[in-house]
Amino acid sequence: MENLDEYYNFNNIMQRMLSKVSDSIDKREGSIIYDALAPCAIEISQMYIVLKDNIDLSFVDTAVDEYLDRLCNQVGIERKKATKSIRKAEFYDETEKLMDIGIDERFTLNDLTFKVIKRIDLGIYECECETEGTKSNTGTGTLIPINYIEGLGKAILTDILIPRRRQRK
């Protein structure tokens with residue numbers, strides 16, 4: 001039994017149940033015995049899903065939300081709240097020269113929003129992700145301004161200056 005998810009799925013449970021029924025009885029889909037066993041097999045497969053989820057909630061590496069908090073509390077550890085990452089961004093004008101922009105300007109990259117919080121040098125700024133957790137540590141590329149910025153040719157999100165911790169759910 002290498003793959004327990006597959007072993008405990010509806011089709012496999014149903015086949016094991018039908019294998020215990022005499023071959024002299026019609027076991028095809030739609031037969032009386034098949035239709036009688038199918039609801040039981042569905043419930044058993046659902047029970048195994050819930051059982052697996054409950055087992056996952058009892059280990060620190062797979063627990064989530066309040067269950068992870070409770071596991072941590074058992075050993076006297078308090079989880080820290082997720083924080084926002086600080087990323088470096090470069091801003092160029094239409095002639096590809098670095099340009100300054102205003103603090104508090106906001107940009108998007110994929111489904112994340114970044115806010116300019118501090119000037120590092122000409123055209124280079126610290127941006128804070130508005131989403132907490134490790135998701136804000138991923139991705140680089142072209143930033144899209146939320147508001148029009150006159151003269152802006154392109155904005156690029158580059159390095160992680162301060163990575164952030166996993167989001168506490």
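For the stretch 40-75, filtered to residues that are outside any helix (DSSP H, G or I) and open to solvent by 70 Å² or more (accessible area, probe 1.4 Å), the residue that is farthest from ILE13 (Cα to Cα) is VAL75. When the residues of the stretch 76-94 are filtered to those that are under 21 Å from the mean Cα position of the chain (by Cα) and charged (D, E, K, R), which remaining residue is surrounded by the most Cβ atoms within 10 Å (Cβ to Cβ)? Filtering the stretch 76-94 for residues that are under 21 Å from the mean Cα position of the chain (by Cα) and charged (D, E, K, R), the one surrounded by the most Cβ atoms within 10 Å (Cβ to Cβ) comes out as ARG87. If the condition is being open to solvent by less than 30 Å² (accessible area, probe 1.4 Å), closer than 14 Å to LEU157 by Cα and either assigned to a loop (DSSP other than H, G, I, E, B) or not aromatic (Phe, Trp, Tyr) (or both), then the stretch 125-142 contributes CYS127, CYS129, SER136, GLY141.
When ILE120, ILE156 are checked against the criterion of being loosely packed, with under 13 Cβ neighbours inside 10 Å and either part of a loop (DSSP other than H, G, I, E, B) or over 22 Å from the mean Cα position of the chain (by Cα) (or both), ILE120 stands alone in meeting it.
The values are calculated or read from the model by the stated rules, or taken from the named source; none is laboratory data. Keep in mind the model is a prediction, meaning the values are calculated, not measured. All Cβ positions, even for glycine, are placed from backbone atoms using ideal geometry, and neighbour counts span all protein chains on display. Ligands, DNA and RNA are stripped out before the accessible areas are found, and what is left, the full protein with its side chains, is counted by its heavy atoms. Shrake-Rupley method; radii C 1.70, N 1.55, O 1.52, S 1.80 Å.
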